[in-house]
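**Q** Sharing a structure with you now.
The values are calculated or read from the model by the stated rules, or taken from the named source; none is laboratory data. Not measured: the values here are computed from a predicted model. Positions of Cβ are generated from backbone atoms using ideal geometry, with glycine treated the same way; all protein chains shown enter the neighbour counts. Areas reflect the complete protein model, heavy atoms only, side chains present, ligands, DNA and RNA absent. Shrake-Rupley method; radii C 1.70, N 1.55, O 1.52, S 1.80 Å.
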Amino acid sequence: MTTVIAFIFMFGLLVFIHEWGHMIFAKRAGMLVREFAIGFGPKIFSFTRNETLYTIRLIPAGGYVRVAGEDPEIIELKPGHHIGLEFNNEGNVTKIIVNNKSKHPNARVIEVEHADLDHKLIIEGYEIDDEDNKLHFDIDPKAFFVMDERETQIAPYDRQFASKTTGQRAIQLFAGPMMNFILAIFIFVIIGLIQGVPVEEAKMGDILPDTPAKEAGLQTDDVIIQIEDNSISTWEEFTSIVRANPGQELDMIVLRNDTEEPVTVIPDEAETVDQTGEPISVGQIGVYQGFEKSFLGTFTYGFERTYETTKMILTNLMMLVTGQVSIDMLSGPVGIYDATDQVVQTGFMNLMLWTAMLSINLGIVNLVPLPALDGGRLLFVGIEALRGKPIAPEKEGIFHFVGFAFLMLLMIVVTWNDIQRLFL
C-alpha cells in the first residue's frame with residue numbers, strides 16, 4: 001500500500017506540474033484552455049473553474065491540456081439550421097441551443113442564414129416562417145453552445161492556439177518540459193537542505209555494518225587521499241578504483257583528524273549491468289559519500305545535479321537511437337512501478353531523488369521531436385517560422401496520428417517486456 005500511495009503521488013506530481021506549465025502559459029497568451037486532465041479515459045472526478053474543466057481520469061498513463069483550436073472547433077452553424085438563442089442584459093447572445101430547444105422555453109428560435117463565430121461573432125437569420133424580417137445578433141465572446149444539454153464555450157479566433165505568434169505557441173509547448181526541469185531543481189535543492197550536499201573529495205559518510213569498509217576500520221569523515229600508488233582527490237576517482245577491483249586487496253591512505261592512517265580494504269564482488277545491458281562484476285565496500293551543509297552550495301547543487309542527470313539521460317537516449325542499447329532496457333509504467341517499489345523500501349530521500357530523475361526524464365522524452373509529443377509539435381512550429389507559413393493542418397494531423405499509433409505500439413511492447421521481467 002505504501003508503494004501504491006507513493007506511485008500515485010509521484011505520478012500525479014510529475015503529470016500535474018508538466019500540464020500545469022502548458023496551461024499557465026496558454027492562459028498567459030490568451031488561449032482558451034478547455035480542459036486540464038490527469039490521466040486518460042473515462043472521468044472519475046471533474047469541476048469547472050475560470051473557463052477550464054479540470055478532470056481526473058481512469059487510466060494513469062499521462063495527462064493533457066486541451067486548448068481551443070488544437071482540435072476541430074465544436075459545431076459549424078450552416079444556413080437552414082434552426083437554433084435557439086438566449087441573451088444577456090446587453091442583448092448579446094450568451095447561449096446557442098443546437099437541439100432540445102423545447103427544454104429552453106425562454107430561447108428565441110431562428111433559422112440561420114449566416115453565422116461567424118470566429119471573427120465577427122455574429123448570427124444572421126429569420127424568425128421561423130418569416131423570411132421578410134432579417135435579424136442580426138451579436139455574440140458574446142464567452143457564449144456557449146448547448147448540445148444535448150451539454151454546454152461548451154465558443155472560442156473566437158483570438159482565443160485559439162493557431163492565432164498566436166510562433167513564439168507564444170513555442171513557449172506554450174515548451175512550458176511543460178520546462179516545468180519538469182524546474183521541479184527537479186527544486187527537489188534537489190530540498191534534498192540538499194535536508195541532508196547536505198555531497199563533497200567533491202573522497203570523504204566517507206555513513207559506514208554500513210558487516211561490510212569491507214567496516215571491517216577495515218574506516219570511519220565517518222575519513223578522507224581517502226591515496227589508493228596503492230594513485231593519489232585520490234575526488235569521490236569519483238575513489239569509487240572508480242573500488243569498482244574496478246572486486247575481490248582485490250587495496251592499500252589506502254586515510255586522512256583522519258589531520259593524521260594519515262594506512263587502511264587495507266578488500267571490496268566485495270557485486271553483480272550489475274553495464275550501459276548495454278550486459279552483466280558485469282564491480283567492487284563495493286559499503287560506504288556512502290560524505291555530505292556538508294551549505295546554503296549557497298545547496299542551490300548550486302540543485303542546478304548541477306539536474307545538469308548531470310540530464311546529460312546522463314541524453315547519453316543513454318543517444319545509445320538507444322544508435323543501437324548501442326537494446327529497446328529491452330526501456331521501462332513503461334509497470335517497470336517504473338516495480339522500480340518505485342524498490343526505491344520506497346530504501347527511504348523517503350531516495351524516493352525524492354527518484355522523483356527528480358523521472359521528472360527530468362519526462363521533460364527530455366517530451367522534447368524528442370516525435371509525433372504527438374511536445375517536441376514533435378515544436379518541430380512544426382519551427383518549420384512554420386522558417387517557411388513563413390504553417391503546414392496544412394490535415395498533413396500535421398496525419399503526422400501526429402501515425403506517430404501516436406506508433407507510440408502506443410511502443411508502449412505495449414515496453415509494458416510486455418516489463419511484465420516478463422517481473423516473472424523471470
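**Q** Going by the conditions given, is Leu379 open to solvent by 50 Å² or more (accessible area, probe 1.4 Å) and among the hydrophobic types (A, V, I, L, M, F, W, C)?
**A** yes
**Q** Consider Val146 against the criteria (1) modelled with pLDDT of 95 or more; (2) in contact with a Ser or Thr (Cβ under 9 Å, 6 or more places away or on another chain): it satisfies all of them except one. Which criterion is unmet?
**A** Condition (1) is where Val146 drops out.
**Q** Looking at segment 374-392, I want the residues that are over 13 Å from Gly167 (Cα atoms) and modelled with pLDDT of 85 or more and have a partner that is assigned to a helix (DSSP H, G or I) and open to solvent by 30 Å² or more (accessible area, probe 1.4 Å) with Cβ atoms under 6 Å, at least 6 apart or on another chain. Which pairs are those?
**A** Gly375/Leu367
**Q** Report those strands (runs of 3 or more DSSP E) wholly inside segment 51-105 carrying at least 1 residues which are modelled with pLDDT under 95, within 30 Å of Ile17 (Cα to Cα) and among the hydroxyl-bearing types (Ser, Thr, Tyr).
**A** Here the list reads 52-67.
**Q** Further question: Quick one: in segment 286-305, of everything that is of a type in the set (Phe, Trp, Tyr) and assigned to a helix (DSSP H, G or I), which residue is farthest from Ser240 (Cα to Cα)?
**A** Filtering segment 286-305 for residues that are of a type in the set (Phe, Trp, Tyr) and assigned to a helix (DSSP H, G or I), the one farthest from Ser240 (Cα to Cα) comes out as Phe295.
**Q** Something else about it: Any idea which of (1) under 30 Å from Gln324 (Cα atoms); (2) surrounded by fewer than 15 Cβ atoms within 10 Å (Cβ to Cβ); (3) of a type in the set (Val, Ile, Thr) is the one Ile194 doesn't satisfy?
**A** (1)
**Q** Please go through (1) more than 34 Å from the chain's Cα centre (by Cα); (2) assigned to a strand (DSSP E or B) for Ile280 and return the number of the only condition it doesn't satisfy.
**A** (1)
**Q** Let me ask another. Can you name the condition, by its number, that Ala372 falls short on among (1) on the phi > 0 side of the Ramachandran plot; (2) surrounded by fewer than 16 Cβ atoms within 10 Å (Cβ to Cβ)?
**A** (2)
Each row is one residue, and each column tells you yes or no for (1) in a loop (DSSP other than H, G, I, E, B); (2) open to solvent by less than 30 Å² (accessible area, probe 1.4 Å); (3) modelled with pLDDT under 95; (4) closer than 30 Å to Asn50 by Cα.
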{"site": "Met178", "(1), (2), (3), (4)": "no, no, no, yes"}
{"site": "Glu200", "(1), (2), (3), (4)": "yes, no, yes, no"}
{"site": "Gln219", "(1), (2), (3), (4)": "yes, no, yes, no"}
{"site": "Glu236", "(1), (2), (3), (4)": "no, no, yes, no"}
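**Q** Right, here's the next one. Could you list, in sequence order, the residues of segment 143-165 that are loosely packed, with under 15 Cβ neighbours inside 10 Å and either of a type outside the set (Gly, Ala, Ser) or assigned to a loop (DSSP other than H, G, I, E, B) (or both)?
**A** Asp148, Glu149, Arg150, Glu151, Asp158, Thr165
Matching residues to (1) part of a helix (DSSP H, G or I); (2) touching a residue at least 40 places away in the same chain (Cβ under 8 Å); (3) more than 28 Å from Phe186 (Cβ to Cβ); (4) of a type in the set (Val, Ile, Thr):
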position	(1), (2), (3), (4)
Leu353	yes, yes, no, no
Ile364	yes, yes, no, yes
Pro371	no, no, yes, no
Ile398	yes, no, yes, yes
Met408	yes, no, yes, no
Met411	yes, yes, yes, no
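**Q** Please determine, by comparing only the residues of segment 1-22 that are under 21 Å from Gly375 (Cα atoms) and not hydrophobic (A, V, I, L, M, F, W, C), which one is nearest to the chain's Cα centre (by Cα).
**A** So, considering only residues that are under 21 Å from Gly375 (Cα atoms) and not hydrophobic (A, V, I, L, M, F, W, C), the one nearest to the chain's Cα centre (by Cα) is His18.
**Q** Now a separate question. Which of the numbered conditions does Ile224 fail, given that it passes all the others? Conditions: (1) open to solvent by 70 Å² or more (accessible area, probe 1.4 Å); (2) within 30 Å of Thr306 (Cβ to Cβ); (3) not in a helix (DSSP H, G or I).
**A** Evaluating Ile224 over (1) open to solvent by 70 Å² or more (accessible area, probe 1.4 Å); (2) within 30 Å of Thr306 (Cβ to Cβ); (3) not in a helix (DSSP H, G or I) leaves (1) as the failure.
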